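Asker: One structure coming up, written as structure tokens, with questions to follow.
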Amino acid sequence: MRADVVILGGGLSGLAAAIELSGKGRAVTIVDQAPRLGGRCYSYVDRVTGDVVDNGQHVLIGAYHQTLRYLDAIGTRGLLRSSPGLRLMMHHPVKGFCRFEMSRLPRPFHLTAAMLRYSALSLKDRTSLLRVGLDLQRGSAEGNIMLGRLTIDQWLTRLNQSAEAKRSLWHPIAISVMNELPEHASALLFARSLRAAFLGKKSDSSILIPTVGQTELYVTPAKALLAKGGAKILLNADVQKMTAKRGRIDRIVLRNGKEIVPSFVVSALPPYALGRILPPGADGRQIRPGYASLTYSPIVSIHLWFDRDFMNEPVVGSIGTMLQWIFNRRLLLDGAGESPAFISAVISAAYDTVTLPKGELVKVALKEMGELFPESRKAKLLHAVVIKEKRATFSPTNDNNERRPGAKTAFENLALAGDWTDTGLPATIEGAVMSGFAAAALLADR
């Protein structure tokens, strides 16, 4: 079988590349070993409750420009509900509920006001938050080199952030954005994320909440658009190997024995899967030295259904607990289900919890929610689902960041995509889409 552009992997980066290339008139073939498209970005209907369950809870921000371009292309941007500015409701173990909220002032004063009003911290600590804002505004090439050598925790310490300021603001945000512990995660990647959210256009800090599941938002409309454009989608198709001749990928061999002869190839596979199918004799030098040594961070999602509602906020961040972010899915999805309450909680960088059994995770979750929402103690748990992703994202350490390849490879007709490639961001939906567009642009130029 001959093919114009073959995209290996139908996750979000592969879909972004496919949408971009198909829109430019290229004949696209997607090959994925899974029975569905979407990769780690998926949702499904729970058989017990009939509710849509996401693999994790992905809230977007206005700074996700490439993601919004992708949603525009597939026609689902209207399924996002927008709040005018960043608003984080946090629960402090002593001070209770406290709000970190961007003001209506022009930037950068909107961030200054949010920092000075954050009641979880003392006035002294709130004032010290401004040092971070000033450092972000002073961003320079020399400063980025320094940040590329520091962890988030080291950077915050240099900026005289107290232990309480770290615990009650910076660490919850950092762990959520980076999916890594602040003592390991790259200060450079975190600073870039903060600059994008807080120091770009004012609309960049707005929160965009999907009103449907991830599959309906990102995948199903993309699949329909690709099919309309004549794209071929091969599911349950496991790639066994690729072969190369004169510096080009000339064959893709599937495990069922079928072969594809491509003009161009986009690999949107994770690095460990890419390494298994590279042409004989190829090693990391054709991609980037050390790329195969990337390490990974886990995420645990806990979904709980109750016989009564007890949470008035759509999203709450919890300080000092196992549960980090708690989502009221009934408020987020604008829909009534069989049960009055559907709550999802996410634990990022879940090294200490990913190995715990489901029953123990649910038990701790119920205890912690009882502390945040006393009314939940009266609620009866009807159903629970726990989803564990042991390799949810690459770990955004400085060492790993140095190992990330760009879209270009030593093979003339092979480009790379994936949130693990060198997007300049941690592993986010925005990074995944950006990488797919970058791979498509590289091949289009050729």
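The values are calculated or read from the model by the stated rules, or taken from the named source; none is laboratory data. Bear in mind that the values here come from a model prediction, so they are computed numbers and not experimental data. Counting neighbours? That spans all protein chains shown, and the Cβs are built from the backbone with ideal geometry, glycine included. Side chains included, ligands, DNA and RNA excluded: accessible areas come from the protein's heavy atoms. Shrake-Rupley method; radii C 1.70, N 1.55, O 1.52, S 1.80 Å.
Asker: Please report, to one decimal in angstroms, the Kirkwood hydrodynamic radius of region 156-199 built from all distinct Cα-Cα pairs.
Answerer: One over the average 1/r among Cα pairs gives 10.7 Å for region 156-199.
Asker: In terms of solvent-accessible area of protein heavy atoms at a 1.4 angstrom probe, what is the ranking of L333, L416, highest value first? Could the numbers behind the result be given before it?
Answerer: Details: L333 40, L416 0 Å².
I get L333, L416, largest accessible area first.
Asker: Gaussian network model of the chain, Cα springs within a sub-10 Å range: biggest mean-square fluctuation belongs to which of A410, A197, A18?
Answerer: Maximum among the listed residues: A410.
Asker: Then there is this: Which whole-number percent is the relative contact order of region 224-271 (Cα, under 8 Å, 6+ apart)? Each step should come with its number before you reach the end.
Answerer: Numbers: 44 pairs, mean separation 11.5, N = 48.
24 percent.
Asker: So what is the 222 nm mean residue ellipticity for the chain from helices alone, if each DSSP H run of at least 4 adds -39500 (n - 2.57) and you divide by all residues, rounding to the nearest 500 deg cm²/dmol? If you can, show how the numbers build up before the last one.
Answerer: Working: 14 runs with 139 residues, N = 446.
Dividing the helical sum by the residues of the chain leaves -9000 deg cm²/dmol.
Asker: Here's something else I'd like to know. Determine ³J(HN,Hα), in whole Hz, for all residues of region 191-203 in sequence, where each value follows from phi through the Karplus function 6.51 cos²θ - 1.76 cosθ + 1.60 and θ = phi - 60°; x replaces Gly and Pro.
Answerer: Along region 191-203, the couplings run 4, 4, 5, 5, 4, 4, 6, 9, 10, x, 5, 4, 5 Hz.
Asker: Now for a different question. Could you tell me what % of all Cα pairs in region 209-327 have separations over 26 Å?
Answerer: Numbers: 3592 of 7021 pairs.
Everything past 26 Å amounts to 51 percent.
Asker: Which value, in Å² rounded to 10, gives the accessible area of K380 with a 1.4 Å probe and all protein chains present?
Answerer: 130
Asker: If you don't mind, there's one more thing I want to ask. Computed FRET efficiency, Cβ-Cβ of V261 and K408, R0 25 Å: what is it to the nearest 0.05? Present the calculation step by step, with values, prior to reporting the outcome.
Answerer: On the way: r = 22 Å, r/R0 = 0.89.
That gives a FRET efficiency of 0.65.
Asker: Would you mind calculating the relative contact order of the chain from Cα pairs under 8 angstrom and at least 6 residues apart, reporting the percent as a whole number? Walk me through the intermediate numbers first.
Answerer: On the way: 913 pairs, mean separation 106.7, N = 446.
Rounded, it is 24 percent for the chain.
Asker: May I pose another question? Between T243 and Q154, what FRET efficiency comes out of the Förster formula 1/(1 + (r/R0)^6) with R0 = 56 Å and r the beta carbon distance, rounded to 0.05?
Answerer: Details: r = 46 Å, r/R0 = 0.82.
The computed FRET efficiency comes out at 0.75.
Asker: Scan region 250-298 for trypsin sites (Lys or Arg not before Pro) in coil per DSSP, keeping those whose Cβ has at most 14 other Cβ atoms within 10 Å, and list them by number. Before the final figure, lay out the partial values.
Answerer: Values: sites: R251, R255, K258, R276, R285; in loops: R255, K258.
Those satisfying the criteria are R255, K258.
Asker: Can you compute the modelled spin-label distance between A273 and A224, with each label point 7 Å from Cα toward Cβ, in nm?
Answerer: For A273 paired with A224, the spin-label model returns 2.5 nm.
Asker: Among all the aspartates and glutamates, which ones have a C-alpha under 19 Å from K241's C-alpha, if same-chain residues fewer than 8 places away are not counted?
Answerer: Cross-link targets: D4, D32, D250, E259, D283, E412.
Asker: Right, here's the next one. Just the accessible area for F264, please: 1.4 Å probe, Å², rounded to the nearest 10?
Answerer: 30
Asker: Per residue, how much accessible area does the chain show when a 1.4 Å probe rolls over the protein heavy atoms, in square angstrom? Please list the in-between numbers first.
Answerer: On the way: 18910 Å² over 446 residues.
Using a 1.4 Å probe on heavy atoms only, each residue of the chain averages 42 Å².
Asker: Rounded to a whole number, what is D in µm²/s for the chain from Stokes-Einstein with the Kirkwood radius over alpha-carbon pairs (25 °C, 0.890 mPa s)?
Answerer: On the way: Rh = 22.9 Å.
Here the translational diffusion coefficient equals 107 µm²/s.
Asker: Oh, and also: Between V48 and S103, what is the FRET efficiency for a Förster distance of 51 Å, r being their Cβ-Cβ separation, to the nearest 0.05? Please list the in-between numbers first.
Answerer: On the way: r = 43 Å, r/R0 = 0.85.
E between V48 and S103, to the nearest 0.05, is 0.75.
Asker: Gain in length, T127 to H383, computed as 0.36 nm per residue apart minus the alpha-carbon separation, to one decimal in nm? Could you put the intermediate results ahead of the total?
Answerer: Working: separation 256, 0.36 × 256 = 92.16 nm, distance 4.44 nm.
Here the segment from T127 to H383 would lengthen by 87.7 nm.
Asker: Alpha carbons only, please: Rg and Dmax for region 270-416, in angstrom.
Answerer: Every Cα atom of region 270-416 included, Rg and Dmax give 20.7, 63 Å.
Asker: Still on this structure, I have one more. Over all Cα pairs of region 1-123, how is the pair count split among 10 Å bins, expressed in % and running from 0 up to the last occupied bin?
Answerer: Going out from 0 Å in 10 Å bins, region 1-123 shows 10, 26, 26, 21, 13, 4, 0 percent.
Asker: Report the dimensions of region 126-217 along its three principal axes from the alpha-carbon atoms, largest first, rounded to Å.
Answerer: So the extents along the principal axes, rounded to whole Å, are 43, 26, 26.
Asker: Measure off, as a whole percent, the carbon and sulfur share of the 1.4 Å-probe accessible area of region 32-153, all protein chains present.
Answerer: Details: 3400 of 6240 Å².
Taking all protein chains in place, region 32-153 shows 55 percent carbon and sulfur surface.
Asker: What ³J(HN,Hα) values, in whole Hz, does the Karplus curve 6.51 cos²θ - 1.76 cosθ + 1.60 give for region 82-89 when θ = phi - 60°, with x put for Gly and Pro?
Answerer: With the stated coefficients, region 82-89 comes to 9, 9, x, x, 5, 9, 10, 8 Hz.
Asker: Still on this structure: By how many nm would the segment from R251 to K390 lengthen if fully extended, with 0.36 nm per residue of separation less the alpha-carbon distance? Intermediate values should be presented prior to the final figure.
Answerer: Numbers: separation 139, 0.36 × 139 = 50.04 nm, distance 3.20 nm.
Stretched fully, the R251-K390 segment lengthens by 46.8 nm.
Asker: Please list 3J(HN,Hα) in residue order for region 30-38, calculated via the Karplus relation 6.51 cos²θ - 1.76 cosθ + 1.60 where θ = phi - 60°; whole Hz, with x for glycine and proline.
Answerer: Result, rounded to whole Hz: 9, 10, 9, 6, 7, x, 8, 8, x.
Asker: What distance in nm lies between label points placed 7 Å from Cα along the C-beta direction at R36 and L331?
Answerer: Each label point lies 7 Å from its Cα, and together they span 2.7 nm.
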